[in-house]
Amino acid sequence: MGVSYPESVTEADKKSARDVTDNIWHSYYYNQLNIEQKNKYLKMTIGMYLKDLKYNILDGVNKIVSGHDMSIAPLAGVLVENGEFYGQPGFASFLNVEVWNINGQNTIKIRFRAKEQENEGKYVRIQACGEMQCSVVEVIDWMEQFSINFAQRTELCTQ
């Protein structure tokens, strides 16, 4: 990404720094050791946006929303099944929430590109149901536990 390291920094040093960074990001968004703390962090970082996402899904109109790693990672933490993603999202990452009408039922599929090498991304398992495709109702219901308003966010941030 255009970062130049001093000549004394070896490839092993660079890999070690990336591994530490990825471990930190993973602990924030997929912390299975302290789920209460993880859920609190997800609510603070992405909880207010989830209401907008809910209405976008229910509208059935495709909308492009862009963000940085600080918004893609918590969104993935809420929607993408643990094990599908690890670490800090790379340059040009995306998380595409697709609403499909299959046999008269609206379902959701998520295409996720977490790292530069993944080209068009891949479909991933969704936390709401543990499958590659969930009903809209399952996903909306799942997101509700993380969805908060401004007053709730302010309270969480001051605890």
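Residues checked against (1) out of contact with any Lys or Arg (no Cβ under 9 Å at 6 or more places or on another chain); (2) crowded, with 16+ Cβ neighbours inside 10 Å:
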{"position": "Lys14", "(1), (2)": "yes, no"}
{"position": "Asp19", "(1), (2)": "yes, no"}
{"position": "Asn23", "(1), (2)": "yes, no"}
{"position": "His26", "(1), (2)": "yes, yes"}
{"position": "Tyr29", "(1), (2)": "no, yes"}
{"position": "Asn34", "(1), (2)": "yes, no"}
{"position": "Met44", "(1), (2)": "no, yes"}
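Collect the residues in the range 1-54 that are over 18 Å from the mean Cα position of the chain (by Cα) and part of a helix (DSSP H, G or I), keeping them in residue-number order.
Once the filter is applied, which keeps residues that are over 18 Å from the mean Cα position of the chain (by Cα) and part of a helix (DSSP H, G or I), the range 1-54 yields Glu11, Ala12, Asp13, Lys14, Lys15, Ser16, Ala17, Arg18, Asp19, Val20.
Show the residue pairs that are 6+ apart or on different chains and have beta-carbon atoms under 6 Å apart, the first residue being within the range 45-66 and without any contact (Cβ under 8 Å) to a residue 40 or more places away in the chain, the second being surrounded by 12 or more Cβ atoms within 10 Å (Cβ to Cβ).
Final answer for the pair search is Thr45/Pro74; Lys63/Asn56.
Considering (1) surrounded by fewer than 19 Cβ atoms within 10 Å (Cβ to Cβ); (2) in a helix (DSSP H, G or I), say which one Gly90 fails and leave the rest.
(2)
Can you tell me which residue is farthest from Ile108 (Cα to Cα) among those in the range 73-90 that are of a type in the set (A, V, I, L, M) and touching a residue at least 40 places away in the same chain (Cβ under 8 Å)?
Our first condition is that a residue be of a type in the set (A, V, I, L, M); within the range 73-90, this holds for 73, 75-76, 78-80.
Add one more test, that the residue is touching a residue at least 40 places away in the same chain (Cβ under 8 Å), and what stays is 73, 76, 78-80.
On the way: Ala73: 19, Ala76: 14, Val78: 14, Leu79: 11, Val80: 12 Å.
Only one residue tops the list, namely Ala73.
Confirm whether Thr21 is of a type in the set (Ser, Thr, Tyr) and over 21 Å from Leu79 (Cβ atoms). Outline the logic, then answer.
Values: of a type in the set (Ser, Thr, Tyr): yes; over 21 Å from Leu79 (Cβ atoms): yes.
In short, yes.
For the range 111-159, name all the residues that are crowded, with 16+ Cβ neighbours inside 10 Å and on the phi > 0 side of the Ramachandran plot.
Hit for the range 111-159 is Gly121, nothing else.
Does Leu53 meet the test of being under 18 Å from Tyr28 (Cα atoms), in contact with a strand residue (DSSP E or B) (Cβ under 8 Å, 6 or more places away or on another chain) and modelled with pLDDT of 90 or more? Can you show your working first?
On the way: under 18 Å from Tyr28 (Cα atoms): no; in contact with a strand residue (DSSP E or B) (Cβ under 8 Å, 6 or more places away or on another chain): yes; modelled with pLDDT of 90 or more: yes.
Considered against the rule, which asks whether it is under 18 Å from Tyr28 (Cα atoms), in contact with a strand residue (DSSP E or B) (Cβ under 8 Å, 6 or more places away or on another chain) and modelled with pLDDT of 90 or more, Leu53 comes out as no.
Being more than 23 Å from His26 (Cβ to Cβ), at pLDDT 90 or above, β-branched (Val, Ile, Thr) and within 16 Å of the chain's Cα centre (by Cα) is the requirement here; does Ile64 meet it?
Numbers: more than 23 Å from His26 (Cβ to Cβ): yes; at pLDDT 90 or above: no; β-branched (Val, Ile, Thr): yes; within 16 Å of the chain's Cα centre (by Cα): yes.
In short, no.
Restricting attention to the range 98-123, and to residues there that are assigned to a strand (DSSP E or B) and of a type in the set (Lys, Arg), which single residue is nearest to Gln88 (Cα to Cα)? Quick ask: steps written out before the conclusion?
We begin by selecting, within the range 98-123, every residue assigned to a strand (DSSP E or B); these are 98-102, 105-113, 122-123.
Next, only the ones that are of a type in the set (Lys, Arg) stay: 109, 111, 113, 122.
Numbers: Lys109: 22, Arg111: 17, Arg113: 11, Lys122: 17 Å.
Across the range 98-123, the extreme among qualifying residues is Arg113.
The values are calculated or read from the model by the stated rules, or taken from the named source; none is laboratory data. Quick caveat: nothing in here was measured; it's all calculated off a predicted structure. Backbone-built Cβ (ideal geometry, glycine too); neighbour counts: all protein chains shown.
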